[in-house]
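These notes concern the structure reproduced below.
The values are calculated or read from the model by the stated rules, or taken from the named source; none is laboratory data. Note that the structure is predicted; figures quoted are calculated from it, not measured. In this analysis, Cβ positions are derived from the backbone assuming ideal geometry, glycine residues included, and neighbour counts consider all displayed protein chains. The protein model used for the area step is the full one, side chains on, heavy atoms only, and it has no ligands, DNA or RNA in it. Shrake-Rupley method; radii C 1.70, N 1.55, O 1.52, S 1.80 Å.
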Amino acid sequence: MNTPSYLVVGSIVCAAMSVTAEAEGTDWRIVFGGHNTIVEQVDSHTLGAHAGFFVEHITQSNISWKGNIDIFIDDDKDKLDPDHIPIWFQTAWSVSGNLYRFSPAMDLQWQVTLDGKRNTVSSVEKQSKLFPGVVARYNGDKIYAGLTLAGGHYMLEIDDDVPRERGYDREDFQNTTGAYSVAADTRIMLGESFDIYASAQTWNDGSDWLENKYSAVFSFHSDSWIEDSLIKLSVEHTEYNLDPFDNRDKNDADYLAILPWDKDTLVRVYVDMPWG
């Protein structure tokens, strides 16, 4: 495939950054737990286990480098995708720094993010999103809120197994385009041991939306069990616009969309703890 794999590039950059920063003191964390991928439109639940790591390093010039990778192993009983290899990956990395500080609690940041997925049970073969942008943030004692505006590269490739059954050809399975993104997120402390995080983000190519994602994470600070550890319940709901893949007449009696679903929900319960 000729399209550059930003997912692989991002993973290599994260790994290189992590190794370089180790001697200077880096925050390493590991996660492990269980998950369920839900596709309500076809009444599908795919359970499994997952593990991953997260690393963050802040330089002397106050530039933040972050990277994480999660590895999921599915118990693929209902065969949502008949040829699904039940191991998939999700990665994210970012670099950010200060642009302007309005007050001790409010600032404007620049950032570059690279997010990706590979081989999900809901037929995302490959996804990469490379987006430079700016973030306006309020970070108080109990409440955090942010608003992000970004523009960059969006790529989504659909796995070919289900589309081939529906009459689509190999060249129909990838959408690569320039896009902009708007995101809002917030974190609220609920007492000393609990916090809740919520976010919403949309991607648009200028003529139509490409993807919408909504997520929420409920965290319990379990320091009494393991120092600096968290037990988390997260829900991530994603909606995909499949119209860019559609080259058929929707009025045709034999019309079928490229997939019989256009959204999925990932539910995770996991432990987040320091490593080393």
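Structure values in brief
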item	result
Qualifying aspartates and glutamates (Cα of each under 14 Å from Cα of LYS77; at least 8 residues distant if same chain)	ASP43
Vicinal HN-Hα couplings computed from phi for the stretch 239-244 (Karplus, 6.51 cos²θ - 1.76 cosθ + 1.60; Hz; Gly/Pro x)	10, 10, 8, 8, 4, x
Residue-wise HN-Hα coupling along the stretch 204-219, computed from phi with Karplus coefficients 6.51, -1.76, 1.60 (Hz; x: Gly, Pro)	9, 8, x, 10, 7, 6, 10, 7, 10, 9, 10, 9, 8, 10, 9, 10
MRE, 222 nm, helices only [DSSP H, n ≥ 4, -39500 (n - 2.57), over the chain, to nearest 500]	-2500 deg cm²/dmol
Solution diffusion estimate, µm²/s, Stokes-Einstein, the chain, Kirkwood Rh from C-alpha pairs, 37 °C, viscosity 0.692 mPa s	163 µm²/s
Max mean-square fluctuation residue, GNM over the chain, Cα-Cα springs under 10 Å, options GLU171, GLU211, GLU239	GLU171
Environment charge of ASP249, counting only residues whose C-beta is closer than 15 Å and scoring Lys/Arg +1, Asp/Glu -1	-2
Principal axis dimensions, the stretch 200-276 - Cα atoms, whole angstrom, descending	62, 27, 22
Amide H contacts of LEU259 (H built 1.01 Å from N, under 5 Å, at least 5 apart or other chain)	none
Using alpha-carbon coordinates, inclination of helix 6-22 to the longest axis of the chain, degrees	20 degrees
Carbon + sulfur, % of accessible area of the stretch 124-276 - ligands and nucleic acids excluded, 1.4 Å	54 percent
Greater than 27 Å apart at Cα, pairs in LYS129/LYS250; LYS117/LYS250; LYS66/LYS142; LYS66/LYS232	LYS129/LYS250; LYS117/LYS250
Charge dipole magnitude, Cβ of K and R +1, D and E -1 - the chain, Cα centre, debye nearest 20	880 debye
